[in-house]
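S.K.: One structure, pasted below without further comment.
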Amino acid sequence: MRMILPAGTVAMLALLALSACSTPEAMTRSGLVNAGIDQRTAACMADRMVHRLSLLQLRRLAGLGKVERSRNLEQLLHRARSLNDPEIVGVTASSAALCATGLAGIKL
């Protein structure tokens, strides 16, 4: 016997399957955008951050975007300091500075 699922259920199952495949970088980028960072800067920051922070640290940082949208990078950094993790603050601050100025891609 074949079961027929409503179209909405099929679409929801497809979205759940795709979200399970999200990479830490994609989730970090999305979290930064949701926190108020522009797409270009968020993509650059996420690329740097996933290589420098643990998954637990990335999840803690992602929680900031769920609370309230930041107005700018300065406010995001202020909120990151509230996590009391110097590594998160250092990586977020250096990534923000390098990505916002366009220096992130320069190899010395």
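The values are calculated or read from the model by the stated rules, or taken from the named source; none is laboratory data. What you see is a predicted model, and the numbers here were worked out from it, not measured in a lab. Every residue, glycine among them, receives a Cβ derived from its backbone with ideal geometry; neighbour counts consider all protein chains shown. Please note that ligands, DNA and RNA were not included when accessible areas were found on the heavy atoms of the full protein model with its side chains. Shrake-Rupley method; radii C 1.70, N 1.55, O 1.52, S 1.80 Å.
S.K.: Could you go through the range 44-58 in sequence order and give the Karplus-derived ³J(HN,Hα) for each residue, using 6.51 cos²θ - 1.76 cosθ + 1.60 with θ = phi - 60°, rounded to whole Hz, and x for Gly and Pro?
M.R.: Here the 3J(HN,Hα) series is 5, 4, 4, 4, 6, 5, 5, 8, 10, 10, 6, 4, 5, 5, 5 Hz.
S.K.: Compute the distance in nm between two label points, each set 7 Å from the Cα along the Cα-to-Cβ direction, one at ALA100 and one at THR23.
M.R.: The modelled label-to-label distance comes out at 2.6 nm.
S.K.: With a 1.4 Å probe and all protein chains kept in place, how much accessible area does CYS44 have, in Å² rounded to the nearest 10?
M.R.: Answer for CYS44: close to 40 Å² accessible.
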